[in-house]
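Okay, structure first, notes after.
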Amino acid sequence: MILHITTAAEWAAAQALGDYHLDTLDSEGFIHCSTPEQVLGPANALYRGRTGLVLLVIAPARLSSPLVYEDCYEAGETFPHIYGPLNLDAVTQVVPFPPRPDGTFQLPPDLGHSDGQSRLPHSGV
């Protein structure tokens, strides 16, 4: 499983369009993702205190676009990147990702333990 942080509004727009396509796909050529062990680093560095976020839980085997693990920024750690649009059926779970009172994030307790149901409305699964 890999994870992607987005907003509930961006996810709703993706469902209406039929796939998930971000500006970073155009500017950098890929969609940024993380493993469960990595996701808190980018979440706390880039989204601290931000509300309205969700975690997309993605099954790599279901991806239509190539998945590459790489260290694009010479940070000493490889991150999963999706080189193309994210097909909606690769998303197995959509989990609310609210910040704690101090603005930092923690992994949701039900992450990756999906009963086949999203925690938010999702017509693609």
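For this structure, a couple of remarks:
- GNM top mover of Ala45, Ala90, Ala14 - the chain, alpha-carbon springs below 10 Å: Ala45
- From the coordinates shown, Rg and Dmax of the Cα atoms in Å corresponds to which of (i) 18.3, 56; (ii) 13.7, 38; (iii) 15.0, 47: (ii)
- Alpha carbon centroid spacing (whole Å) that separates the stretch 27-61 from the stretch 79-107: 5 Å
- Only one residue of Leu86, His32, Trp11 has its Cα farthest out toward the positive end of the dipole of the chain, where Lys and Arg carry +1 and Asp and Glu -1 on Cβ, and that residue is Trp11.
Throughout, read-outs are computed from the coordinates displayed, never taken from laboratory work. The structure presented is a predicted model; accordingly, all values stated were derived computationally and were not measured. Reconstructed Cβ throughout: ideal geometry from the backbone, glycine too, with neighbour counts over all protein chains shown.
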